[in-house]
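Engineer: This is the structure, below, for whatever I ask next.
The values are calculated or read from the model by the stated rules, or taken from the named source; none is laboratory data. Just so you know, these numbers come straight off a predicted model, no measurement behind them. Positions of Cβ are backbone-derived with ideal geometry, glycine not excepted, and every protein chain shown enters the neighbour counts.
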Amino acid sequence: MLDILPHLFTASLYVFLGFHFWRTRWSTAATPTSPGMRGWERLLLALALLLQGWLLYSEIFGIGEMRIGFASALSLMFWLAVLIYWVESFHARLEGLQPLVLPLAGICTLLAGLFPGPHLLPNAATPLFRAHFLISMVSYSLFTLAALHAIIMAVAERRLHRGELSRPLTSLPPLLAMETLLFRLILIAFVLLTLSLASGILFSEELFGKPLEFSHKTLFSILSWAIFAALLVGRHVRGWRGRKALYWTLAGFATLLLAYVGSRFVIEVVLGKSG
């Protein structure tokens with residue numbers, strides 16, 4: 001029970017911040033406020049990031065070997081997403097993501113405490129594996145931000161067409177600016193995903209101790225890569241935008257999520273296995 005308390009505290013901090021941003025930025029009763037975060041909001045979010053980072057380090061490297069399960073993978077993915085958001089918020093307007101990404105980060109932090117990862121990663125000490133792992137997780141995190149960004153855009157676009165754009169939504173950047181940011185996130189994440197897949201294919205035996213196997217994870221990773229590749233080509237060649245681009249973004253993210261997290265969830269929780 002004591003082991004779960006740090007996770008519960010950190011999750012509560014994220015949820016509190018998410019509710020605070022919703023109440024002060026998104027609620028119809030919210031008073032007008034300037035874009036961006038206040039100083040104390042940044043500090044409190046930095047504290048939550050430090051706490052979650054410490055918990056993740058303990059979970060992944062705490063026994064001297066690298067281990068990661070579906071819950072710690074989700075927690076790491078959202079930790080990186082929040083960290084990227086926190087850094088980028090100094091330079092770009094990412095309004096609207098806080099009430100979505102922060103509670104999700106809190107839920108994943110709590111899940112990591114409830115379902116510690118039993119899966120030891122082979123050859124985790126090699127520099128090549130660690131580079132592959134880091135590139136993969138940063139890519140997943142950028143796609144997470146892109147997916148949440150797409151949801152915000154979908155809500156704003158639907159309300160705009162219905163003439164129901166509320167005051168909180170009017171504080172968002174123009175849809176064209178949000179769309180430009182969305183594709184910038186997708187392009188960077190796609191390049192990293194390509195590097196991750198290429199390193200996994202070219203150095204499979206050195207990374208994982210065995211030749212590349214065609215598995216559930218491999219299939220969904222390649223399928224996700226193909227979806228995002230088609231989206232970027234469609235954007236460049238046919239000018240895809242609006243709902244079509246948003247649906248392709250969400251489809252690619254859902255497929256990518258199934259590639260690792262889905263398979264680990266089935267193995268660890270449904271089947272109760274550790275390998």
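Engineer: Within segment 105-122, is there a residue that is at pLDDT below 85, polar (S, T, N, Q) and either over 19 Å from LEU148 (Cβ atoms) or crowded, with 20+ Cβ neighbours inside 10 Å (or both)? Break it down into steps so the answer makes sense when it comes.
Structural biologist: First, pick out the residues of segment 105-122 that are at pLDDT below 85: 115-122.
Imposing the further condition that a residue be polar (S, T, N, Q) reduces the set to none.
Taking every residue of segment 105-122 in turn, none turns out to be at pLDDT below 85, polar (S, T, N, Q) and either over 19 Å from LEU148 (Cβ atoms) or crowded, with 20+ Cβ neighbours inside 10 Å (or both).
Engineer: If a residue counts only when it is β-branched (Val, Ile, Thr), modelled with pLDDT of 80 or more and within 29 Å of PRO127 (Cα to Cα), which helices (runs of 4 or more DSSP H) contained entirely in segment 168-275 have at least 3 such residues?
Structural biologist: Result: 175-202.
Engineer: Within segment 228-256, take every residue that is of a type in the set (A, V, I, L, M) and surrounded by fewer than 19 Cβ atoms within 10 Å (Cβ to Cβ) and give me the one that is farthest from ILE186 (Cα to Cα).
Structural biologist: VAL237
Engineer: Hey, another quick one. Given the criteria at pLDDT 85 or above and among the hydroxyl-bearing types (Ser, Thr, Tyr), does THR10 qualify?
Structural biologist: Against the criterion (at pLDDT 85 or above and among the hydroxyl-bearing types (Ser, Thr, Tyr)), THR10 qualifies.
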